[in-house]
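*Asks:* Before I ask anything, here is the structure I am working with.
The values are calculated or read from the model by the stated rules, or taken from the named source; none is laboratory data. As the structure is a computational prediction, the values presented were derived from the model and not from experiment. For neighbour counting, all protein chains shown are included, and Cβ atoms are generated from backbone atoms with ideal geometry for every residue, glycine included.
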Amino acid sequence: MAAETRSFQAEVSKLLHIVANAMYSEREVFLRELISNAADACDKLRFLALSDATLVEGDTEFRIRITADPKAGTLTISDNGIGMTDAELHANLGTIASSGTAAFVDNLSGDAKKDVGLIGQFGVGFYSAFMVADKVEVLTRTAGTDKAWLWTSDGLGEYTVTASEKADRGTIITLYLKKNARAFAEKERLRTVVRTYSDHIPFPIGFVETNEDGVEEVDSLNRASALWTRPKSDISEDDYKEFYHHTGHAFDDPWMTLHWKAEGRIEYHGLLFVPTQAPFDLFHPERRHHVKLYVKRVFITDEVEGLVPSWLRFMKGVIDCADLPLNISREMLQSNPVVTSISQAVTKRVLSELKKKAKKDPEAYATFWRSFGAVIKEGLYANGQEHKDTLLELARFRSSAGDDLVSLADYIARMKENQTAIYYIAAENEETAKASPQLEGFVKKGVEVLYLTDPIDEFWVQAQFDGYDGKPLKSVTRGGADLSTIKGAASDDDTKTAAEDKDPGAASAVDALVASVKLALGEAVKDVRSTDRLADSPVCLVADDNDLDMNLERMLRQHKQLDMAPKRVLELNPDHMLIKGLAKLVKDGKAGVGIEDAAFLLLDQAHILEGEPVADAKAFTKRLSEVMVKALGA
Ligand code: ADP
Ligand code: MG
């Protein structure tokens with residue numbers, strides 16, 4: 001029979017021109033496309049054979065084979081799937097079926113770099129063969145017929161279809177590799193590409209070689225098992241582990257494995273793992289997640305921003321969705337409503353599993369939280385109110401109550417009578433937090449204070465002031481302490497108010513001292529006041545109600561994101577010997593000009609307690625020396 005040569009549809013020619021100039025780094029995806037077509041062809045026949053078994057008679061094992069001849073620079077991909085008739089060859093490999101795609105291709109700018117990425121989203125994967133080949137042959141025979149056809153093209157405008165011979169059903173695609181694509185005739189390169197994109201294609205992909213004795217040997221390139229599509233009951237823990245190691249490039253064991261199938265509006269399989277150990281790139285600036293997106297068992301990409309929120313980026317594994325087109329580009333995925341729905345459902349699922357685990361095994365959960373809590377808390381900042389209650393429920397904290405991690409529910413259960421807020425202190429680390437003078441009064445009274453020591457804490461806490469279960473979060477280094485209204489534990493009896501009641505004169509003396517210190521310090525502070533926040537220290541600094549918390553201020557200054565620091569409030573401990581003594585001097589009118597030096601020394605001490613430099617080291621030293629000289633009586 002005569003060969004029939006036809007021109008490609010104009011849009012195809014345009015597409016081929018762009019494909020031929022594809023970026024080098026993108027070219028390997030041609031193999032994914034051809035393998036996925038082969039797998040589709042097997043899937044289609046497998047389905048038809050359900051009602052007509054004769055279609056697969058004599059050959060019921062579906063498979064994909066690859067052969068290569070590095071010397072000749074050829075590569076073949078064959079399958080024993082459904083095959084194509086000559087009409088199908090024309091329709092599938094000469095035109096672009098979808099008018100939408102045709103219109104899109106028609107509008108391509110011809111800028112290869114930009115457009116190849118976009119091409120991926122339309123059902124035109126076959127043409128990607130011309131990224132690596134300057135000639136392609138398709139020899140095919142439809143199952144259940146004995147006619148075979150050979151399609152050939154150099155991708156330059158025309159293709160030819162000829163009647164041909166083929167011993168069995170299916171399709172063989174032969175690529176005559178471009179000179180600069182010869183590497184794709186090498187077995188190991190092929191293995192790598194197959195492993196990357198097609199490992200879980202559910203048909204064996206065998207690499208066929210003929211050995212010295214002329215015997216064919218088949219080496220399997222993929223694992224042919226989409227583990228996630230198999231029922232849970234068929235999968236052992238070791239299977240999961242091995243899959244986790246392979247797909248997550250991980251060496252630890254999964255801390256938690258989630259495997260489910262979602263049915264309904266959007267269908268997908270999820271197989272996700274929480275690692276035991278924090279991955280090394282957990283806090284890299286890109287904050288990338290490691291969940292791979294598959295469409296119908298074909299790997300698409302692991303770079304879908306938003307497939308899982310960045311605050312769950314420690315998760316590893318696979319989402320396989322049947323409701324997305326196979327050839328979808330990353331750009332298109334980012335705003336895709338299917339991806340958004342999946343992401344929401346996955347997030348909910350992960351959070352609810354974490355909640356269960358937290359309840360069932362608090363100790364194991366504490367380990368998890370130590371590794372990943374700082375990441376999860378980003379969700380309280382990034383997603384605002386969306387998962388707020390769940391995330392706050394999941395959150396664990398170190399606190400002044402002891403060495404165990406505490407939940408907000410634990411905290412609230414231990415709150416003192418009349419205590420209305422959840423108190424926290426934000427600090428660089430736990431030691432600093434513990435040593436903070438602002439904590440003293442709380443600890444003395446038995447009021448628990450949470451230690452927030454992750455950099456993210458300052459940020460989410462600003463976004464979640466209204467707190468948990470109707471209890472606002474309040475910093476002990478900001479605003480008034482109002483500790484007097486809280487009833488302390490019986491054991492740490494509230495001695496202070498009692499003392500004040502006995503001696504109202506002392507209170508007015510402190511008021512007088514406050515006034516003089518304020519006068520002396522002038523612009524150096526925002527305010528001076530007496531406090532019940534302190535126990536052992538004479539003074540401390542706090543931020544005013546609506547100002548930045550001090551730890552955040554330090555952080556921002558460190559990162560040069562703050563030029564003008566807000567002024568702080570200096571608080572005096574009316575029960576401290578030093579303050580009492582100074583108050584008495586002022587009250588008795590004996591303070592004189594010395595009160596100015598004393599005021600600055602108090603302020604400098606407060607700075608030192610904060611781990612901050614004093615404002616004027618020279619003046620500080622001079623004042624301190626004078627005081628010491630006086631004390632020595634010299
Ligand atoms: P898509 O796979 O998205 O439909 P392709 O450009 O990859 O787009 O393939 C076009 C069509 O060519 C396929 O839909 C299929 O009908 C046909 N085809 C490609 N490869 C094969 C094959 N190996 N066996 C049977 N049909 C194939
Ligand atoms: Mg395809």
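Yes or no, residue by residue, for (1) modelled with pLDDT under 95; (2) in a helix (DSSP H, G or I); (3) under 28 Å from residue 453 (Cα atoms):
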position: 466; (1), (2), (3): yes, no, yes
position: 497; (1), (2), (3): yes, yes, no
position: 510; (1), (2), (3): yes, yes, no
position: 528; (1), (2), (3): no, no, yes
position: 532; (1), (2), (3): yes, no, yes
position: 545; (1), (2), (3): yes, no, yes
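*Asks:* Here is a check on your reading of the model: is residue 522 surrounded by fewer than 19 Cβ atoms within 10 Å (Cβ to Cβ), in a helix (DSSP H, G or I) and at positive phi?
*Replies:* Working: surrounded by fewer than 19 Cβ atoms within 10 Å (Cβ to Cβ): yes; in a helix (DSSP H, G or I): yes; at positive phi: yes.
Yes, satisfied.
*Asks:* With respect to residue 386, is the statement that it is of a type in the set (Asp, Glu), surrounded by 14 or more Cβ atoms within 10 Å (Cβ to Cβ), within 21 Å of the chain's Cα centre (by Cα) and farther than 30 Å from residue 441 by Cα true?
*Replies:* On the way: of a type in the set (Asp, Glu): yes; surrounded by 14 or more Cβ atoms within 10 Å (Cβ to Cβ): yes; within 21 Å of the chain's Cα centre (by Cα): yes; farther than 30 Å from residue 441 by Cα: yes.
Against the criterion (of a type in the set (Asp, Glu), surrounded by 14 or more Cβ atoms within 10 Å (Cβ to Cβ), within 21 Å of the chain's Cα centre (by Cα) and farther than 30 Å from residue 441 by Cα), residue 386 qualifies.
*Asks:* Moving to a separate point now. Scan the range 325-351 and report the pairs whose first residue is within 18 Å of residue 98 (Cβ to Cβ) and whose second residue is within 16 Å of ligand 1 (Cβ to nearest atom) and part of a helix (DSSP H, G or I), with Cβ atoms within less than 7 Å and a gap of 6+ or a chain change.
*Replies:* 326/36; 327/125; 329/118
*Asks:* Do you know which residues across the range 40-58 are of a type in the set (Lys, Arg) and within 16 Å of ligand 2 (Cβ to nearest atom)? Lay out the reasoning, then the answer.
*Replies:* Of the residues in the range 40-58, the ones of a type in the set (Lys, Arg) are 44, 46.
Passing the criteria: only 44.
*Asks:* If the requirement is being surrounded by fewer than 22 Cβ atoms within 10 Å (Cβ to Cβ), of a type in the set (Phe, Trp, Tyr) and away from ligand 1 (no atom under 16 Å from the Cβ), which of these qualifies: 368, 280, 273?
*Replies:* Values: 368 fails: surrounded by fewer than 22 Cβ atoms within 10 Å (Cβ to Cβ); 273 fails: surrounded by fewer than 22 Cβ atoms within 10 Å (Cβ to Cβ).
Going through 368, 280, 273 in turn, just one is surrounded by fewer than 22 Cβ atoms within 10 Å (Cβ to Cβ), of a type in the set (Phe, Trp, Tyr) and away from ligand 1 (no atom under 16 Å from the Cβ): 280.
*Asks:* Is it fair to say residue 397 is in contact with a strand residue (DSSP E or B) (Cβ under 7 Å, 6 or more places away or on another chain), within 30 Å of residue 443 (Cβ to Cβ) and either buried (at least 17 other Cβ atoms within 10 Å of the Cβ) or touching a residue at least 24 places away in the same chain (Cβ under 8 Å) (or both)? If you could, list the steps in order and put the result at the bottom.
*Replies:* Details: in contact with a strand residue (DSSP E or B) (Cβ under 7 Å, 6 or more places away or on another chain): yes; within 30 Å of residue 443 (Cβ to Cβ): yes; either buried (at least 17 other Cβ atoms within 10 Å of the Cβ) or touching a residue at least 24 places away in the same chain (Cβ under 8 Å) (or both): yes.
Yes; evaluated as a whole, the condition is true for this residue.
*Asks:* Going by the conditions given, is residue 411 touching a Leu at 6+ places or on another chain (Cβ under 8 Å) and hydroxyl-bearing (Ser, Thr, Tyr)? First the steps, then the outcome.
*Replies:* Numbers: touching a Leu at 6+ places or on another chain (Cβ under 8 Å): yes; hydroxyl-bearing (Ser, Thr, Tyr): yes.
Here the answer is yes, as residue 411 does meet what is asked.
*Asks:* Which pairs do you get when a residue that is in contact (Cβ under 8 Å) with a residue 60 or more places away in the chain, found in the range 502-523, comes within reach of a residue that is loosely packed, with under 12 Cβ neighbours inside 10 Å and not hydrophobic (A, V, I, L, M, F, W, C), reach meaning Cβ atoms under 9 angstrom, with the pair 6+ apart or on two chains?
*Replies:* Matching pairs, first to second residue: 509/588.
*Asks:* When you scan the range 572-584, how many residues do you find that are of a type in the set (A, V, I, L, M, F, W, C), in contact (Cβ under 8 Å) with a residue 60 or more places away in the chain and assigned to a helix (DSSP H, G or I)?
*Replies:* Residues of the range 572-584 that are of a type in the set (A, V, I, L, M, F, W, C), as a first pass: 572, 577-579, 582-583.
Next cut, in contact (Cβ under 8 Å) with a residue 60 or more places away in the chain only: 572, 579, 582-583.
Going one step further and asking which of them are assigned to a helix (DSSP H, G or I), we end up with 579, 582-583.
Within the range 572-584, residues that are of a type in the set (A, V, I, L, M, F, W, C), in contact (Cβ under 8 Å) with a residue 60 or more places away in the chain and assigned to a helix (DSSP H, G or I) number 3.
*Asks:* For the range 87-96, indicate whether the set of residues that are more than 16 Å from ligand 1 (Cβ to nearest atom) and modelled with pLDDT under 95 is non-empty.
*Replies:* To start, the set of residues in the range 87-96 that are more than 16 Å from ligand 1 (Cβ to nearest atom) comprises none.
No, the conditions are met nowhere in the range 87-96.
*Asks:* Yes or no: residue 182 over 21 Å from residue 45 (Cβ atoms), without any contact (Cβ under 8 Å) to a residue 40 or more places away in the chain and either basic (Lys, Arg) or surrounded by 18 or more Cβ atoms within 10 Å (Cβ to Cβ) (or both)? Explain how you work it out, then say what you get.
*Replies:* Numbers: over 21 Å from residue 45 (Cβ atoms): yes; without any contact (Cβ under 8 Å) to a residue 40 or more places away in the chain: no; either basic (Lys, Arg) or surrounded by 18 or more Cβ atoms within 10 Å (Cβ to Cβ) (or both): yes.
Taking the combined requirement at face value, the residue does not satisfy it.
*Asks:* Which members of the range 231-245 meet the condition of being over 22 Å from residue 368 (Cα atoms) and surrounded by fewer than 17 Cβ atoms within 10 Å (Cβ to Cβ)? Full working, then the answer.
*Replies:* Taking the range 231-245 first, the residues over 22 Å from residue 368 (Cα atoms) are 231-236, 239.
Residues satisfying the conditions are 231, 232, 233, 234, 236, 239.
*Asks:* Right, residue 356: of a type in the set (Lys, Arg) and farther than 22 Å from residue 462 by Cβ or not? Spell out how you get there, then give the answer.
*Replies:* On the way: of a type in the set (Lys, Arg): yes; farther than 22 Å from residue 462 by Cβ: yes.
Spelling it out, residue 356 is indeed of a type in the set (Lys, Arg) and farther than 22 Å from residue 462 by Cβ.
*Asks:* Right, residue 71: out of contact with any strand residue (DSSP E or B) (no Cβ under 9 Å at 6 or more places or on another chain), more than 16 Å from ligand 2 (Cβ to nearest atom) and within 17 Å of residue 188 (Cα to Cα) or not?
*Replies:* Numbers: out of contact with any strand residue (DSSP E or B) (no Cβ under 9 Å at 6 or more places or on another chain): yes; more than 16 Å from ligand 2 (Cβ to nearest atom): yes; within 17 Å of residue 188 (Cα to Cα): yes.
Yes.
*Asks:* Among all residue pairs at least 6 apart or on different chains, which show Cβ distances below 7 Å where the first residue, located in the range 145-160, is surrounded by fewer than 22 Cβ atoms within 10 Å (Cβ to Cβ) and the second is modelled with pLDDT under 95 and of a type in the set (A, V, I, L, M)?
*Replies:* Listed pairs, sorted by first residue: 160/3.
*Asks:* Additional query: If I ask for residues that are assigned to a loop (DSSP other than H, G, I, E, B), over 30 Å from residue 370 (Cβ atoms) and at pLDDT below 85, which ones from the range 296-344 would you list?
*Replies:* First pass over the range 296-344, keeping only residues assigned to a loop (DSSP other than H, G, I, E, B): 296-297, 302-309, 313-315, 322-329, 335-336.
Narrowing the set further to residues that are over 30 Å from residue 370 (Cβ atoms) leaves 296-297, 322-329, 335-336.
Within the range 296-344, 296, 297, 325, 326, 327, 328, 329, 335 meet the criteria.
*Asks:* Which one of 82, 35, 64 is closer than 30 Å to residue 219 by Cα, within 16 Å of ligand 1 (Cβ to nearest atom) and in contact with a Leu (Cβ under 6 Å, 6 or more places away or on another chain)? If you could, list the steps in order and put the result at the bottom.
*Replies:* Values: 35 fails: in contact with a Leu (Cβ under 6 Å, 6 or more places away or on another chain); 64 fails: in contact with a Leu (Cβ under 6 Å, 6 or more places away or on another chain).
It is 82.
*Asks:* Let me ask something else. Is it the case that the range 610-633 has a residue that's touching a helix residue (DSSP H, G or I) at 6+ places or on another chain (Cβ under 6 Å), in a helix (DSSP H, G or I), surrounded by 12 or more Cβ atoms within 10 Å (Cβ to Cβ) and not basic (Lys, Arg)?
*Replies:* Yes, the conditions are met somewhere in the range 610-633.
*Asks:* Among the listed residues 522, 581, which satisfies the condition of being modelled with pLDDT of 90 or more, out of contact with any helix residue (DSSP H, G or I) (no Cβ under 9 Å at 6 or more places or on another chain) and under 20 Å from residue 624 (Cβ atoms)?
*Replies:* Answer to the check: 581.
*Asks:* Conditions first: (1) crowded, with 21+ Cβ neighbours inside 10 Å; (2) modelled with pLDDT of 95 or more; (3) more than 10 Å from ligand 1 (Cβ to nearest atom). Residue 76 passes all but one, so which condition is the exception?
*Replies:* (1)
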